[in-house]
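See structure below.
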Amino acid sequence: MYCEVKPKARAGVINPIFTCQPAGAQYASIGIKDCIGIVHGGQGCVMFVRLLISQHLKESFEIASSSLHEDGAVFGALNRVEEAVDVLLMRYPEVKVVPIISTCSTEVIGDDIDGVVIKLNDGLLKEKYPDREVHLIPIHTPSFIGSMVSGYDVAVRDFVKYFAEKGEPNGKINLITGWVNPGDVVALKHLLSQMQIDATVLFEIESFDSPLMPDKSAVSHGSTTIEDLKSTANAIGTIALNRYEGAKAAQYLENEFGVPAIIGPTPIGIRNTDAFLQNLKKMTGKPIPQSLVRERGIAIDALADLTHMFLADKKVAIYGNPDLVLGLAAFCLDLEMKPVLLLLGDDNLTYADDPRVKALQEHVDYKMEIVTNADFWELENRIKNEGLELDLILGHSKGRYVAIDNKIPMLRVGFPTYDRAGMYRHPVVGYAGATWLAEQMANTLFADMEYKHHKEWILNVW
């Protein structure tokens, strides 16, 4: 077998690729209008995650903390949740949705966030805020299992599970985007608009590319509403773009309300964008318009300009969120590149059963490694000690030191990206994303050629 799937050999983690489950729940929560989450744990569980998201999106937003201290870790800290809810509601009169997001410390000590939500609903909310719409939603995201990816998946399911209500058909589809950038949402909504499809986008973070207005009115917050979430049960169907970032919610809606679900593929590259459009056509009966056929042709022309001459046979390592990594790997193969190392950075035991992984095992005809529960040591060790030769690295900013130390060009893709400007504005999905990715990979290689004074390199020109 050319393509080998294997877990990291070591028990410990050296320089992790992912952060923890509560981070994923927090990222999901910022996509909801009138929502501020309370993270039940130490202040660092909010501070560092908020810093990462702010660095990535270059915007400020609100997330609260129960600010657990030593006494709470010993004796329990549900009183901190009660205080946090009261202070949050007093300070932010527009807030309606308050997820209570657990962390490793509060899960270990056994704090019953489900119970405290019942207590608050029967007590504080009735006594102090009787005329106010407030939804308290417990979300269990212990940090000692999973990752930010599974935390996002759990949170999306729990939000949908809490709000979805069966009513009259709304003629919409549910589009669960997964962990994407504002630019990706813009690109996806463009495809929907061209097909004249009305959709409930979960979760709507396009507005995090916020303007600075003269009247200072613009603020960064999600725009998926409570009504949007309630109406998910009445949709034509649900398309979850990612297997590990939203599929739980799609499956819940199918099982509970009979809303048909299609999971994936992540629309990265021409092939997978084609599949996404075909899924839209199948679900809604809407034809694929000539305008998108033209966009597809422009993208293919752009890729043809680059593939054989500049990108073919380039060896690539890819790390990050699993749906992103597998989507990028498939796209690189279509560009005649050779993804030789894929690093999936959490303890999910089902990756080997993923149909995309099995497809790689069936069709790849060169040595490829897919390492699960991986960390950056796996990448660095292969380069420094095992002779792995790479032409390019694809991944988020946390891996930059491996690229810098080993003088390997790197294109920033994924979360978090904070050492390049405006990356959140550019999509990696759709035909526009395919063009942007291919051109950025080529330009990264060209810039590296100049940096290393390779004046001729492989340009194949005289």
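The values are calculated or read from the model by the stated rules, or taken from the named source; none is laboratory data. Fair warning: this is a prediction, and the values are worked out from it, not measured in the lab. Ideal geometry is used to build each Cβ from the backbone, glycine not excepted, and the neighbour counts take in all protein chains shown.
Table for the structure above
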item: Restricting the range 299-309 to residues that are surrounded by 13 or more Cβ atoms within 10 Å (Cβ to Cβ) and at pLDDT 95 or above, the residue that is farthest from Gly269 (Cα to Cα); result: Ala302
item: Every residue from the range 347-376 that is crowded, with 17+ Cβ neighbours inside 10 Å and hydrophobic (A, V, I, L, M, F, W, C); result: Val357, Leu360, Val364, Met368, Ile370, Val371, Ala374, Phe376
item: Residue count for the range 395-449, restricted to those that are over 22 Å from Ile383 (Cα atoms), free of Cβ contacts under 8 Å to residues at least 24 places away in the same chain and not hydrophobic (A, V, I, L, M, F, W, C); result: 4
item: The range 409-448, residues that are within 20 Å of the chain's Cα centre (by Cα), of a type in the set (D, E, K, R) and surrounded by fewer than 18 Cβ atoms within 10 Å (Cβ to Cβ); result: Asp419, Arg420, Arg425
item: Pairs with Cβ under 6 Å, 6+ apart, first in the range 118-143 and over 18 Å from Val97 (Cβ atoms), second at pLDDT 95 or above and surrounded by fewer than 16 Cβ atoms within 10 Å (Cβ to Cβ); result: none
item: Those helices (runs of 4 or more DSSP H) lying entirely in the range 35-97 with at least 1 residues outside the structural domain of Thr417 (by TED's automatic domain parsing) and over 21 Å from Lys126 (Cα atoms); result: 44-57, 70-75
item: Residue check for Arg400: surrounded by fewer than 21 Cβ atoms within 10 Å (Cβ to Cβ) and either assigned to a helix (DSSP H, G or I) or touching a His at 6+ places or on another chain (Cβ under 8 Å) (or both); result: yes
item: Number of the exception - Leu191 against (1) over 20 Å from Val156 (Cβ atoms); (2) surrounded by fewer than 19 Cβ atoms within 10 Å (Cβ to Cβ); result: (2)
item: Test for Pro339: is it of a type outside the set (Gly, Ala, Ser), buried (at least 24 other Cβ atoms within 10 Å of the Cβ), in a loop (DSSP other than H, G, I, E, B) and modelled with pLDDT of 95 or more; result: no
item: Exclusive hit being outside the structural domain of Pro355 (by TED's automatic domain parsing), surrounded by fewer than 22 Cβ atoms within 10 Å (Cβ to Cβ), farther than 30 Å from Trp436 by Cβ and of a type outside the set (Ser, Thr, Tyr), set Ile262, Ile270, Ile236; result: Ile236
item: Near pairs, Cβ below 7 angstrom, 6+ apart or cross-chain, from the range 43-70 (on the phi > 0 side of the Ramachandran plot) to any residue that is part of a loop (DSSP other than H, G, I, E, B) and not β-branched (Val, Ile, Thr); result: Ser67/Gln43
item: Index of the failed condition, Tyr319 passing every other in (1) part of a helix (DSSP H, G or I); (2) hydroxyl-bearing (Ser, Thr, Tyr); (3) modelled with pLDDT of 95 or more; result: (1)
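Here is a yes/no grid of residues against (1) over 19 Å from Ile205 (Cβ atoms); (2) of a type in the set (A, V, I, L, M); (3) modelled with pLDDT of 95 or more:
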{"residue": "Pro260", "(1), (2), (3)": "yes, no, yes"}
{"residue": "Ile268", "(1), (2), (3)": "no, yes, yes"}
{"residue": "Ala275", "(1), (2), (3)": "yes, yes, yes"}
{"residue": "Asn279", "(1), (2), (3)": "yes, no, yes"}
